[in-house]
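So the structure is just underneath, and the comments pick up after that.
The values are calculated or read from the model by the stated rules, or taken from the named source; none is laboratory data. Computed from a predicted model, the values in this text were never measured in an experiment. For neighbour counting, all protein chains shown are included, and Cβ atoms are generated from backbone atoms with ideal geometry for every residue, glycine included. Remember, those area values only see protein heavy atoms, side chains included, never the ligands or the DNA or RNA. Shrake-Rupley method; radii C 1.70, N 1.55, O 1.52, S 1.80 Å.
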Amino acid sequence: MAALQAAQGLVSFEELAIHFTKEEWELLDPRQKALYKDIMLENYRNVTSLEGGDPLMPRPDLIRWLEELVIPPCMEGCSAAGSKDPEIKSEVDSYCPLRPLNIWFGELGEALEPICEVKREEEPSIVQAENLPPTERLCSIQPKVSAKRAKHSKLETCSRRSSCSCVKVNSVEALLQNPFPQRSLAEQRCIKELGPDCPDLCIVQTVLEKGKPVTRRFSRAWYDRKEWLCGSTSKNAFLCFPCLLFGGAVPWARTGVADMKQISLKTKVHEESAKHRENCLKLAELGRVNGAQPTDTGCDAHSRKHSQEVENSPPQSRSLECPEYHHLVDKRKTKSPFWVHFGLPADESGRTVSDGVAICKICSHSVSAKGGNTSNLGKHLQLKHPQEFRELPSSSRDVSVSSRKNAAEPAASASAAVTVAESPREQQNTALDSEPFNPKSSRSCTQAITEYLATCLEPYNTVDHPKFIQMVNTLKPKYPLPGRNYFATAGVPKLYKDTVEKMKREIRPVTKTELAVTADCWTSVAGAPFVAVTVHFISDEWKLTDACLACRHFWKEPSAAVLCEMLRDALSEWDIDMKNVFCSTTDNGANILRAVWQLGLEHISCFAHNINDGVNRALNLTQLRRAVRRLKRLQNSICRSWKMRQDLTRAQEMLEMDKVGLPSACPTRWWSLLKLCRRFLENQLPLCKVLTDYPSKRPLMLEGDDVSAVQDFVSAATVLEDLTTTLSGSSYITASSVLPLYRQIKKSLQPEEGDSVLLKDIKREILGALSEKYDSAPTATTLGLASLCDPRFRLRFLEAPEAVRQEAVKKMADLQGSLRAASTEPNTGPAPPRKRMLAKIFGLEAEEEGLALADDTSKAEKELNEYMAMPRVSFDECPLTWWKANEASFPMLKVLAKRFLAIPGTSVPSESLFSTAGNVLQRQRVSLLPENAEMQIFLAKNINFIQ
């Protein structure tokens, strides 16, 4: 080692330097001079690095002279040996024959291989080079050539090695400093043979995607995938070699692409651009003597035709002056595929210069894009770049063209992610694909999607979801799917308008008869108050019909005056006179009750709300309230602990019981608390076993009086559960069942001898709440008439049947009188023939007898007696079906039946409407406009009226 170090110390640059006389130097051609310059400079750098010299030491005169020396480019000489073009090879051989230089290094007396033939498969480090002889050491430190470039047929010679000065010629920096078109033809041929420069780049980007860090790094594999790519170490970015030579899109020809996000998409879009293909064609034809020779792969005749179409295409009518910008940036938060070919102008810091101008990435043309409108972008692609326009999704192409012709047609909106990353697979062509697309089929598809969005309460952005677009393209490939703006501004409003018109045509014949309505108020999660109005009537075909008239929002305080005004306006919009509305069913809210009284309507209290009030009164009893509080605390502890739930399941398996948990109790639904109490009583043993294993949870278990209180509540409330379910429908008669069910409740909740004090108090509270509502005269009379008109009940379950009977006779007589008054109006028909002699005398007596029999009250009593004498009807039979078959026998009573049987016994119709509203106005859709929410709620509740 010491000897080696001593030998190394004797080696200096002067020993390795080669000196030429002036005559010898003039005999060298430019390529040999350039090779000599590079070798001398590199030998000096290597020797200096091995000796560890001071960089501030004066350099030899030879080095300073070589650094200032300017040598003309070596043309094609360095790569002609590997060229497959015989004309180029012969031309270069005649200009600069490739003769190896027999260079001797000083006094070492060892001849080296020509530098151009050095193998560079491996690059030993400087430490490894210290163990080699000086002559081999200098050759081993030469830079290596990548495997990809070594395999290229045009890069097998010294022209692609960094030790040769030709590498400087094809670098990005050299081409930007000295543009390619300004160079001589010989230099251009040399750069073409060299190909793109592919240095290693230091690109490392770490971003957050879906909350997770993602790192994107530079990979040399990109050079293998796209042979037109080149790299710049100063810009640390990718560029397009053909566009760098002949000019093209700014990012690929000047500034470079350093962002690795969606690099596959960016390279694909640029590779398919017309400018890139044109530049590839120019590069392939460069230096050819015969223009008819075939071009390189990928540059076919279609590229020439396309370039000619671009040049001969008419100018864009809506073009703008291109603003000054440094580079282009992608438009954020856009789903239109047109923006793949356009960008926004930005300055050096990446700040957008103008939001209303889009720059075409293919031809650098400026297009107006104010307000995010993509119509101009699509028109530009259609006129200037038809090939790129044809490659867009079919829905985007069709809609962009039709939007120019007819502004009322749906606007185009498709997801760029589906266009590139998630585009559906191409289907096999069938006979249907060759048929022209039927406009009627398109309208029917749009109508079906509109009804789906409106009635299924789907958000409008569903049509922009990639999978929804994929499904539509799979089912109907040629169908142009509209965007969310069309459905929100045109599709759903038109469906709403058509449905309203159809409902008015069906309701108009019955608006002059007496109707029943329900009303209620509700506040959304966004704090917007709504009022709902539903109407109920029986049609001429004896079919119970209910319809949602309105679900309105208002920004005033929901006082009685405001609610009264909104109810009157909602009915007047449907041409319903307030005189024809005789009854309204609502809850017990103070404001809604005052509004109904101000309108002069007869009020029916909701049966379900009355039961809920009675149960809540019972739950306020001290003993029961304490037991319910402890039971809820026990349920909350078990539901929040997965281990306790697992132990409860195991305990139920050991006891051979059903594996069930404790349900939660909702404060506004008393039957949910009943289910919790019933489930607790059924699973007391497994619950005790579970709590035994948790000492800290043992106090949660109910014992003694608490268990008895729960049992009393279940005993009293069980009978109410089935009754509430029975009256919670809106598609069948309910008002006629209220008084019979109330009588059954009173009978079931009567105190018994074995009842505890708490159970008696629970029954008393429930019965007290119901008696306040149904023992009053107006409500009892109205509901009694409804029971009388129901052939299932008639007068069987009424506590005051005679009073109801007399009221029915009175109303039937009044009805008969009104009908007779209408029949006595002046008759314009022919006069009856005059009676003569005996016929006149006896005819007068017949008229008097007819008047006696035509007494209104007598006819009403007779008809009612006949109705009461009819056979009993089963409780499972629909009363409307019975009336449809027997309406001719009871002409006066059928009028009362249509009036009173249409009354809803509960306010469930309006309550269910707000359940639908809750599904529309969710927390994820709080920004939905109230007007759009009203239309969706209206259409969802009136789905039967939609064609």
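Summary of values
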quantity: Options 743, 678, 698; residue that is among the basic types (Lys, Arg) and over 30 Å from residue 645 (Cβ atoms); calculated: 743
quantity: Enumeration of residues in the range 662-712 that are part of a helix (DSSP H, G or I), open to solvent by 80 Å² or more (accessible area, probe 1.4 Å) and polar (S, T, N, Q); calculated: 696, 711
quantity: Some residue of the range 226-234 being open to solvent by 30 Å² or more (accessible area, probe 1.4 Å), within 22 Å of residue 271 (Cα to Cα) and of a type outside the set (D, E, K, R); calculated: no
quantity: Residue within the range 802-823 that is touching a Ser or Thr at 6+ places or on another chain (Cβ under 9 Å), modelled with pLDDT of 85 or more, among the small types (Gly, Ala, Ser) and open to solvent by 20 Å² or more (accessible area, probe 1.4 Å) present; calculated: yes
quantity: The listed residue being of a type in the set (Gly, Ala, Ser), open to solvent by 30 Å² or more (accessible area, probe 1.4 Å) and modelled with pLDDT of 80 or more, out of 912, 907; calculated: 912
quantity: Test: residue in the range 749-767 that is under 45 Å from the mean Cα position of the chain (by Cα) and either closer than 17 Å to residue 620 by Cα or at pLDDT 85 or above (or both); calculated: no
quantity: Close pairs (8 angstrom Cβ cut-off, 6 or more residues apart or separate chains): open to solvent by less than 20 Å² (accessible area, probe 1.4 Å) in the range 363-376, part of a helix (DSSP H, G or I) and of a type in the set (A, V, I, L, M) anywhere; calculated: 367/377; 369/377
quantity: Scope the range 578-600; condition among the aliphatic types (A, V, I, L, M), open to solvent by 20 Å² or more (accessible area, probe 1.4 Å) and within 19 Å of residue 535 (Cβ to Cβ); matching residues; calculated: 578, 599
quantity: Condition check for residue 545: touching a Gly at 6+ places or on another chain (Cβ under 8 Å) and among the polar types (S, T, N, Q); calculated: no
quantity: Where a residue in the range 923-937 is over 17 Å from residue 913 (Cβ atoms) and its partner, wherever it lies, is of a type in the set (Gly, Ala, Ser), with Cβ under 6 Å and at least six apart; calculated: 926/526
quantity: Residues of the range 329-350 that turn out to be open to solvent by less than 40 Å² (accessible area, probe 1.4 Å) and either under 18 Å from residue 380 (Cα atoms) or among the polar types (S, T, N, Q) (or both), as a count; calculated: 10
quantity: Qualifying positions in the range 172-213 - among the aliphatic types (A, V, I, L, M) and either open to solvent by less than 50 Å² (accessible area, probe 1.4 Å) or touching a helix residue (DSSP H, G or I) at 6+ places or on another chain (Cβ under 9 Å) (or both); calculated: 172, 174, 175, 176, 186, 191, 194, 201, 203
quantity: Boolean, residue 467 is among the charged types (D, E, K, R), more than 23 Å from residue 945 (Cβ to Cβ) and surrounded by fewer than 18 Cβ atoms within 10 Å (Cβ to Cβ); calculated: yes
quantity: Those residues of the range 612-629 which are within 22 Å of residue 722 (Cβ to Cβ) and open to solvent by 50 Å² or more (accessible area, probe 1.4 Å), in sequence order; calculated: 613, 616, 617
quantity: Only listed residue being hydrophobic (A, V, I, L, M, F, W, C) and modelled with pLDDT of 85 or more, chosen from 917, 846, 897; calculated: 897
quantity: Qualifying residue in the range 8-19 (condition: modelled with pLDDT under 80 and of a type in the set (Phe, Trp, Tyr)); calculated: yes
quantity: Residue check for residue 881: β-branched (Val, Ile, Thr), surrounded by fewer than 20 Cβ atoms within 10 Å (Cβ to Cβ), at pLDDT 85 or above and in a helix (DSSP H, G or I); calculated: yes
quantity: Filter result for residue 891 (more than 30 Å from residue 446 (Cβ to Cβ) and assigned to a helix (DSSP H, G or I)); calculated: no
quantity: Scan of the range 481-500 for residues that are open to solvent by 30 Å² or more (accessible area, probe 1.4 Å) and in contact with a helix residue (DSSP H, G or I) (Cβ under 7 Å, 6 or more places away or on another chain), ordered by number; calculated: 484, 493, 496
quantity: Residue tally, condition free of Cβ contacts under 8 Å to residues at least 60 places away in the same chain and over 28 Å from the mean Cα position of the chain (by Cα), over the range 517-552; calculated: 6
quantity: The range 713-757 - residue that is closer than 30 Å to residue 638 by Cα and of a type in the set (A, V, I, L, M) and, of those, surrounded by the fewest Cβ atoms within 10 Å (Cβ to Cβ); calculated: 719
quantity: Candidate set: the range 772-788, residues that are exposed (fewer than 15 other Cβ atoms within 10 Å of the Cβ) and outside any loop (DSSP other than H, G, I, E, B); chosen: the one modelled with the lowest pLDDT; calculated: 777
quantity: Selection within the range 621-661 - in contact (Cβ under 8 Å) with a residue 40 or more places away in the chain and over 45 Å from the mean Cα position of the chain (by Cα); calculated: 621, 623, 624, 626, 627
